[in-house]
Amino acid sequence: MADTFEIAVFAGDGIGPEITGPSVEILREMSDRASGYTLAFNDAPAGAAHYAQTGESFPTQSMEIAKKADAILLSAMGLPEVRYPDGTEISPQIDLRKALTLFAGVRPVTVRSGQRTPLNLPEGKEIDFVLIRESTEGLFHTQGKGEVSENEARETLLITRDISEKLFQFTFQLASNRKAAGRGSGRVTCVDKANVFRAFAFFRDMFDAEAGQHPNLSADHAYVDATALWMVQKPWDFDVLVTENMFGDILSDLGAGLMGGLGLAPSADIGLEHAVFQPCHGSAPDIAGQGVANPMAMILSAAMMLDWLGIKHDNPSMIADGAKLREAVEQVVAEGLVLTRDLGGTAGTLEAAAAVRERVSHA
Ligand code: ATP
């Protein structure tokens, strides 16, 4: 009897439900065909639209569904016109990140041969690296609580041993898995500003200590400013990068830009027990309800979920299906025949998702 995995599904706001529907449909079909696993989906209402309707942005029951689930699939939450009485935005995904201590923000950056990118890639070069952004502390530590007086403003950057050690263990494990899967050279780069800030020298020391445990991988350091330059000049050189929250926030948008836009950028927020898989983009209210949103970032996030579950539960069938789903998206995007508007095409959300579905069913 195949293992059953419960997936909490947050369809969210704006384009969220439009991209969630076809993504879950693809996963459901893969699960129906698979002999090694079964997925069971559990809808979890939350977000700005839910708040507008009910006065609750994140019902306790939805948090319970998330905590109980084996993995969480989330589209995007928040709407600019729906806010709490104090004017702040509704973002249950951040509550989830904190409640479940999801310290590792995983942002793969992939550009396959034929895929449109603002870079002029040399013949035969492809981009395939992973940026890991610490997601619970760093310069976001005082988020919303910074001290501001008439003449001064202060925010605190926090780096803790506890989270950093977990982050680096996770990072080296990921690099090791990539190397074993033939996707990376086994090189891990710590991105910091250790030449200026003592906090980053502390960060780097803990990185070096973890690197010492992995003689089969190579480890080096890069300053964040130089990394931004190299991401444009020689992005094919990178394998796995790990960095602080704010640096990661900025570099991951640069990574999304290299891929051709937010509509192609997947992500995962991962902790020791739980993980949330969601596209890097927001709820895109400007195009919501039109059926034109690009579903690829969401589908790639779903592929990451299969891969993570497969590795965690030693389930080769899920790992294989994760790769199959990712490759199907990469092929459809590189061929360029069925692209949504944000990538210069004319296809709608359902047509783009159908192209992936078709590819997966024949893989
Ligand atoms: P947030 O702050 O919630 O992350 P944001 O303000 O950065 O959101 P997004 O909602 O990500 O903004 O949208 C930014 C731009 O990218 C918008 O013009 C939006 O239409 C476009 N966009 C975002 N996601 C997609 C998508 N999946 N398909 C097509 N266009 C998208």
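Ordering E123, E81 by how much accessible area each has at a 1.4 Å probe, largest first, what is the list?
E123, E81
Order the peptides 127-135, 282-290, 252-260 from the highest to the lowest mean number of other Cβ atoms within 10 Å of their residues.
Answer by packing, highest mean first, reads 127-135, 252-260, 282-290.
What does the convex hull of the Cα atoms of the stretch 56-183 come to per residue, in Å³, rounded to a whole number?
In the stretch 56-183, the Cα hull volume divided by residue count equals 210 Å³.
Not counting ligands, DNA or RNA, and with a 1.4 Å probe, what is Y223's accessible surface area in Å² rounded to the nearest 10?
90 Å²
Modelling each spin label as a point 7 Å along the Cα-to-Cβ direction, I'd like the A153/K67 distance in nm, to one decimal.
Placing both labels 7 Å along Cα→Cβ, they lie 3.6 nm apart.
Highest mean first, what order results for 239-246, 199-206, 348-355 on Cβ atoms within 10 Å?
Final packing ranking: 239-246, 348-355, 199-206.
Could you tell me the extents of the stretch 272-352's C-alpha atoms along the three principal axes, largest first, rounded to whole Å?
Each principal axis gives a Cα extent; for the stretch 272-352 these are 40, 28, 15 Å.
How much length is gained on full extension from A2 to D205, taking 0.36 nm per residue of separation minus their Cα-Cα distance?
So the extension gain works out to 68.7 nm.
Among the lysines, which fall within straight-line cross-link reach of K125, defined as a Cα-Cα distance under 25 Å, with same-chain neighbours fewer than 8 residues apart omitted?
Output for K125: K179, K234, K324.
Which Cα, out of T160, L337, A11, lies furthest along the positive dipole direction of the chain (beta carbon charges, K/R +1, D/E -1)?
L337
Rank-order 182-192, 66-76 by packing density, defined as the average count of other C-beta atoms within 10 Å over each peptide's residues, highest first.
Put in order of decreasing packing, that is 66-76, 182-192.
Can you put Y37, Y51 in order of accessible area, largest first, using a 1.4 Å probe?
So the residues, ranked largest to smallest area, are Y51, Y37.
Whenever you get a sec, compute what percent of the accessible area on the stretch 180-259 sits on carbon and sulfur atoms (1.4 Å probe).
55 percent
Just the number, please: Stokes-Einstein D of the chain in µm²/s, Kirkwood Rh from C-alpha pairs, 20 °C, 1.002 mPa s.
102 µm²/s
In whole angstrom, how long is each semi-axis of the equivalent ellipsoid of the stretch 319-363, when you take the square root of 5 times every eigenvalue of its Cα gyration tensor and sort them from largest down?
20, 10, 8
The values are calculated or read from the model by the stated rules, or taken from the named source; none is laboratory data. Only a predicted model underlies this, so the values are computations on that prediction, with no experimental measurement involved. Here Cβ is always computed from backbone atoms with ideal geometry, including for glycine, and neighbour counts include all displayed protein chains. We work out accessible area using only protein heavy atoms, side chains counted, and drop any ligands, DNA or RNA first. Shrake-Rupley method; radii C 1.70, N 1.55, O 1.52, S 1.80 Å.
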